[in-house]
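What follows is a set of notes on a single structure, which appears directly below.
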Amino acid sequence: MKIKNYLLALCLGLFITLGLISSATHAQQNSQKPNVLFLFADDQRADALGINGNPYIQTPTIDQLGREGSRFSNAYVMGGVHGAICMSSRAMLFSGKNLYKVTDKLSGEHTMTMSFAAAGYRTFGTGKWHNEKEAFEASFQEAKNVYLGGMADHYDLPLRDYGADGKLGEPTRKGFSTEQFAQAAIDFIKDHGQRNTDQPFFCYVAFTAPHDPYSPEANYINHYPDGTLPLPGNYMPYHPFEFDHLTVRDENLTGWPRKPEVIQMILSDYYALVTHLDTQIAKILNTLKETGQYDNTIIVYAADNGLAAGSHGLLGKQSLYEHSSKVPLIIKGPGVPQDQELDAFAYIHDLYPTLAELAGIPDPSDIDGVSLVPVITGEQDGVRDALFTSYRGTVRAVRNKKYKLIRYPERDYTQLFDLDADPLEINNLAENTEYQSKKSEMFELMEKWQNSFQDTVKLTADKIKPMKYDPDTLVRKPDQWQPEYTLKRYFEVNKK
């Protein structure tokens, strides 16, 4: 009996000891700061994801990421100061500042990854960097396969690595862009896992897809056969009026009128670029899992801006319609509820303070972005009641939960949309007598936001330009980055 009691006491003691060890280990794991993996797509519409309600596109990896985390259905880029919206978008993302503070420049700014490095993070960057080279070198401790620039041929991208001096070296060409960026991230994650260190990492992966050229990786050409994808619900052969420059580079990628069959071809290639991107993201996430780092990593999936791709008779992102200014945004990781869709208004530059709070590093100072963590955790419904966007000096827009006003100062023209009833922005209510008070209310809201940003553009220009234009006079030609595939397919010429 004494032996039995002794054995029971010994077992109980061992059980308690193991429990204490387990609790201590668990506490140690919980005390470790989470890693950050930031996946950034280029020119991806918010609705070009299965989880965002698109039944035609195949994005199983990103969809699963959305189910494991929280996704924002009203995330936007604030706008741009010229046709390359991504320069402004990326400057806002990394500085945490609004468009009117940072425009499209990052040199001299304290960036998001600088804050993480100061908090002890190992920072790594790969992919597209469309701001100053010096700003990249100041923002990342390590780098591989970095592309300095905007538009480029996916098949023939000049990529740079850090040299021993911590500077980006001379470019070399290695293969299809999406795969090269993914492999650089995979190599970094594997290396970090092998170090068996408590130091967390911040890994930034900026893809050039699905930005044009509309040239999918060879195995994904015809993944979506031509003619099998429906036209956008707001497809138009022409934009109904002239504003800004209707021949800004994106708009030259097909002619006028926008032929339905050509828009379907564009969508086939565009969706194929996204699906291929999804497969490469799967490889990155699998590497996190294989190295035991997945559960302690905050993963962000977002894009720099949207794209028209045939909506409203446009192809590019140089407008303030929803399809061009709204972006996908998914956040997954420790402290983030699963399978949660949030309709709170978010800007791309909110991500800097949001990630800082989720990671438990000091709050960044002198920024305009607002942490979305109270929204993610359910403490608040939102961080702002309305949202303002702008493009150059030619277009301004403001929206609240239901209505959106777009103003074209140079044309003295206004659009008012009821986004609940008309999410595709087709039915302009601005001249409807029943909506004049709402129109005035939205104008007041726009002026309030202009004042807050010190936006000095007059909502009615001194000189009014005509709205009518002759599409037959618009001239297009291929740019230097179009590969053989797109020259044959969209310009009917062979590359010399």
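What follows is calculated from the coordinates using simple rules that are stated; it is not laboratory data. The shown structure was predicted, so the numbers you read here are calculated from the model rather than taken from an experiment. Glycine also receives a Cβ, built like all others from the backbone with ideal geometry; neighbour counts cover every protein chain displayed.
Please list 3J(HN,Hα) in residue order for segment 420-436, calculated via the Karplus relation 6.51 cos²θ - 1.76 cosθ + 1.60 where θ = phi - 60°; whole Hz, with x for glycine and proline.
Per-residue couplings from phi come out as 5, 8, 9, x, 8, 6, 10, 9, 6, 9, 4, 9, 6, 4, 6, 10, 5 Hz.
If the limit is 21 Å between Cα atoms, which of K144/K174; K317/K488; K167/K190 go over it?
Values: K144/K174 12 Å; K317/K488 24 Å; K167/K190 23 Å.
Pairs exceeding 21 Å: K317/K488; K167/K190.
Please order R195, R399 by the number of other Cβ within 10 Å, starting at the fewest.
On the way: R195 11, R399 24.
Arranged by neighbour count, lowest to highest, R195, R399 become R195, R399.
Identify, among L405, N252, S115, the residue whose Cα sits farthest towards the positive end of the charge dipole of the chain, taking +1 on the Cβ of Lys and Arg and -1 on the Cβ of Asp and Glu, with the dipole about the Cα centre.
The listed residue farthest towards the positive side: S115.
For the chain, with the dipole built from +1 on Lys and Arg beta-carbon atoms and -1 on Asp and Glu ones, taken about the Cα centre, which of P240, Y155, A308 lies farthest toward the positive end?
Final value for the positive-end residue is Y155.
In debye to the nearest 20, how big a dipole does segment 340-401 give about its Cα centre with +1 on each Lys and Arg Cβ and -1 on each Asp and Glu Cβ?
Computed charge dipole of segment 340-401: roughly 460 debye.
With N set to the residue count of segment 135-277, report its C-alpha Rg divided by 2.2 N^0.38 Å to two decimal places.
This ratio for segment 135-277 stands at 1.33.
When the Kirkwood radius is taken over all Cα pairs of the chain, what Stokes-Einstein diffusion coefficient follows at 20 °C and 1.002 mPa s, in µm²/s? Before the final figure, lay out each step's value.
Details: Rh = 23.9 Å.
Answer from the Stokes-Einstein relation: 90 µm²/s.
Rounded to the nearest 5, what % of DSSP beta bridges with both residues in segment 33-384 are antiparallel?
Bridges in segment 33-384 that DSSP calls antiparallel: roughly 30 percent.
Quick one: length gained pulling K105 to H245 fully straight, 0.36 nm per residue minus the C-alpha distance?
48.1 nm
Using amide H atoms built 1.01 Å from N in the peptide plane, name the residues 5+ places from E132, or on other chains, whose amide H lies under 5 Å from its own.
Correct list: L106, S107.
What does the charge add up to near T394, with Lys and Arg as +1, Asp and Glu as -1, over the other residues with Cβ less than 9 Å from its Cβ?
My count for the surroundings of T394 gives +1.
Give, rounded to the nearest 20 debye, the magnitude of the charge dipole that segment 395-465 has about its Cα centre when Lys and Arg contribute +1 at Cβ and Asp and Glu contribute -1 at Cβ.
Value, rounded to 20: 200 debye.
Taking every eigenvalue of the Cα gyration tensor of segment 395-465, multiplying by 5 and rooting it, what semi-axes result, largest first, whole Å?
So the three semi-axes of segment 395-465 are 20, 14, 11 Å.
Just to confirm my numbers, what's the Cα centroid distance between segment 136-196 and segment 215-267 in Å?
Here the two parts' Cα centres lie 31 Å apart.
In what sequence do S311, S268 fall when counting other Cβ within 10 Å, fewest first?
Details: S311 28, S268 21.
Ascending Cβ contact count within 10 Å gives the list S268, S311.
Hey, got the dipole for the chain? About the Cα centre, +1 on K and R Cβ, -1 on D and E Cβ, debye to the nearest 20?
620
Give me the angle, in degrees from 0 to 90, between the Cα long axis of helix 2-31 and the longest principal axis of the Cα atoms of the chain, rounded to the nearest 10.
30
Pop out the ³J(HN,Hα) list for segment 461-473 in order, Karplus 6.51 cos²θ - 1.76 cosθ + 1.60 with θ = phi - 60°, rounded to Hz; leave Gly and Pro as x.
Here the 3J(HN,Hα) series is 5, 5, 10, 8, 9, x, 8, 6, 8, 10, x, 5, 8 Hz.
How charged is the neighbourhood of S115? Take every other residue with its Cβ under 13 Å from the Cβ of S115, and add Lys/Arg as +1 and Asp/Glu as -1.
Local charge sum for S115: -3.
Tell me, D187, D366 in order of fewest to most beta-carbon neighbours within 10 Å?
Lowest count first: D366, D187.
In degrees, nearest 10, range 0 to 90: what is the angle between the Cα axis of helix 85-95 and the longest Cα principal axis of the chain?
Once rounded, one gets 30 degrees.
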